[in-house]
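Q: Can you keep this structure in mind? I'll have questions shortly.
The values are calculated or read from the model by the stated rules, or taken from the named source; none is laboratory data. Only a predicted model underlies this, so the values are computations on that prediction, with no experimental measurement involved. Every residue, glycine among them, receives a Cβ derived from its backbone with ideal geometry; neighbour counts consider all protein chains shown. Side chains included, ligands, DNA and RNA excluded: accessible areas come from the protein's heavy atoms. Shrake-Rupley method; radii C 1.70, N 1.55, O 1.52, S 1.80 Å.
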Amino acid sequence: QSLLYYIEDIPKAELHIHIEGTLEPELMFKLAERNGIKLEGTVSSHKDRRQTFKNLQDFLDLYYEACSVLKEEEDFFDLMNAYLQKAAHDSVLVAEIFFDPQTHTERGVPFETVINGLHRGLCHGYQHYNIKGSLILCFLRHLSEDEAIKTLKEAMPHLDKIIGVGLDSGEVGNPPEKFEKVFSMARDLGLQVVAHAGEEGGPEYITGALDCLKAKRIDHGVQCLSSDELVSSLVARKIPLTVCPLSNIKLQVASRYFNGASPVKQLLDKGLLVTINSDDPAYFGGYINANFVQAVKDCKLTAKDVFNICRNAFNATFLPLVEKEYYL
Ligand code: ADE
Ligand code: ZN
């Protein structure tokens, strides 16, 4: 019981959150109305559709469809503001937030509209909620590398608003090696690198993200547990994993190796730098505190474990060292 209060209050850094994954059905319907878009169903039927997913792709189909209500700069601002309000409530002090520009530019929404709305939302959030937020541009791995390069070029005039690049969407069949060139270009621009790997894909996707893309953090990474050699390497290289307990459970990623429970305990026991994050909270049943609660429940974590996980996250941020030390 007191552990629940501890989880609520302890300062947190959120390192794995897709801003599009924070689009709650209520806001979705509000934006649809504002933009003259007719949606099928009701808020409540959309909530029902988000109850269970067969796998990652089953979720992604719904997630991309929901994005169709995001059209104007103000929509992206409102989306960011709604998330930061919730994050503040969950004692988040630092948030490094993913966005998927290709989901929007493919529908004819200009890159500028997306980034300006999100960035303005972050500035507003810093002023009103004191959350230090930044943006990580994710390339959609089901699209081609040429399309990723085109997106990076669109981002060039906005490099002051982006701290890094990531890689998301359907993993299996779209290995990191497909994006070697665009990540090399991004690194040359001084951008930080992360990548989703080892969510549904095997350990070789994690190795590829590290060696080929030079990722500094691995998003999910839970499938490393099937390779002792990879685990040792992740420990030795001090690579943080941004684990998302509710996501793993809802997408049935956890079921294959971990009997449906969050694998946080096994990862901690191996000495890995685990962090706990929310991924797509509007779809998976809760924001960052709910993810901590789930992990504590599944893994019988102690207050000390929770503290270490939070400290790992501040350590794993891309904040400049002097700023990072302030939180540690
Ligand atoms: N895009 C949004 N959430 C994702 C996830 N969990 N894995 C891959 N791509 C995503
Ligand atoms: Zn993710």
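Q: Subtract the Cα-Cα distance of ARG237 and PHE307 from 0.36 nm times their separation in residues, and report this length gain in nm to one decimal.
A: Full extension from ARG237 to PHE307 adds 23.0 nm.
Q: Per residue, how much accessible surface does segment 2-327 expose to a 1.4 Å probe? Answer in Å², no decimals.
A: About 40 Å² of surface per residue is accessible.
Q: Quick one: length gained pulling GLN1 to LYS30 fully straight, 0.36 nm per residue minus the C-alpha distance?
A: 6.8 nm
Q: Give the carbon-plus-sulfur fraction of the accessible surface of the chain in %, rounded to a whole number; probe 1.4 Å, heavy atoms of protein chains only.
A: 51
Q: Starting from the exponent 0.38 and prefactor 2.2 Å, build the expected Rg for the chain from its residue count and divide its actual Cα Rg by it.
A: 0.92
Q: Simple spin-label model, 7 Å along Cα-to-Cβ: THR42 to ASP9 in nm?
A: Distance between label points: 4.1 nm.
Q: To continue, here is another question. May I ask you to compute the full-extension gain from GLU145 to LYS214, defined as 0.36 nm times their residue separation minus their alpha-carbon distance, rounded to one decimal in nm?
A: Separation in residues times 0.36 nm, less the Cα-Cα distance, equals 23.2 nm.
Q: Return, ordered by residue number, the residues of segment 12-51 whose backbone nitrogen is under 19 Å from a label point located 7 Å along Cα→Cβ of LYS297.
A: Under 19 Å, as judged by backbone N against the label point of LYS297, lie 48, 50-51 of segment 12-51.
Q: For the chain, modelled as a Gaussian network with Cα springs under 10 Å, which listed residue fluctuates most, ILE37, ILE206, ILE17?
A: Maximum fluctuation in the GNM of the chain, among the listed residues, is at ILE37.
Q: Here's a follow-up. ARG187 versus HIS89, label points 7 Å from Cα toward the beta carbon: distance in nm?
A: With each label point 7 Å from Cα toward Cβ, the separation is 4.1 nm.
Q: State the answer as a single residue: which of THR22, ASN312, TYR283 lies farthest towards the positive end of the charge dipole of the chain, with beta carbon charges of +1 for Lys and Arg and -1 for Asp and Glu, about the Cα centre.
A: Selected residue: ASN312.
Q: In addition: Once you sort the root eigenvalues of the Cα gyration tensor of segment 264-328 as a ≥ b ≥ c, which label holds: rounded (a/c under 1.5), prolate (a/b larger than b/c) or oblate (the other case)?
A: oblate
Q: Pairs LYS181/LYS324; LYS238/LYS265; LYS150/LYS216; LYS161/LYS214: which exceed 28 Å Cα-Cα?
A: Going by Cα-Cα distance, LYS181/LYS324 fall outside the 28 Å limit.
Q: Next up: Explain nothing, just the number: relative contact order of the chain, from Cα pairs under 8 Å at least 6 residues apart, as a whole percent.
A: 20
Q: If the elastic network links every pair of Cα atoms under 10 Å, which of ASN291, ASN248, ASN55 fluctuates the most in the Gaussian network model of the chain?
A: Result for the chain, Cα springs under 10 Å: ASN55 fluctuates most.
Q: Shifting gears a bit: For CYS138, what charge total do you get from the other residues with a beta carbon under 10 Å from its beta carbon, if Lys and Arg give +1 and Asp and Glu give -1?
A: The answer is -3.
Q: Can you give the local net charge around ASN35? Use residues other than it whose beta-carbon is closer than 14 angstrom to its beta-carbon, Lys and Arg +1, Asp and Glu -1.
A: Spelling it out: positives minus negatives among the neighbours equals -1.
Q: Can you compute the charge dipole magnitude of segment 2-327 about its Cα centre, using +1 on each Lys and Arg Cβ and -1 on each Asp and Glu Cβ, nothing else charged? Give it in debye, rounded to the nearest 20.
A: The dipole of segment 2-327 has a size of about 720 debye.
Q: Which whole-angstrom value gives the distance between the alpha carbon centres of segment 61-78 and segment 287-310?
A: Answer, in whole Å: 31.
Q: Okay, moving on. Take the chain, connect every pair of alpha-carbon atoms lying under 10 Å apart with a spring to form a Gaussian network, then pick out the residue of THR242, THR275, THR207 with the largest mean-square fluctuation.
A: THR207
Q: Does segment 1-128 come out rounded, prolate or oblate by the C-alpha gyration tensor, with a ≥ b ≥ c the root eigenvalues, rounded set by a/c under 1.5 and, if not, prolate when a/b is larger than b/c and oblate if not?
A: Oblate, because a/c is 1.5 or more while a/b does not exceed b/c.
Q: Less than 14 Å Cβ to Cβ from PRO25, Lys/Arg counted +1 and Asp/Glu -1: what total charge do the surrounding residues give?
A: -4
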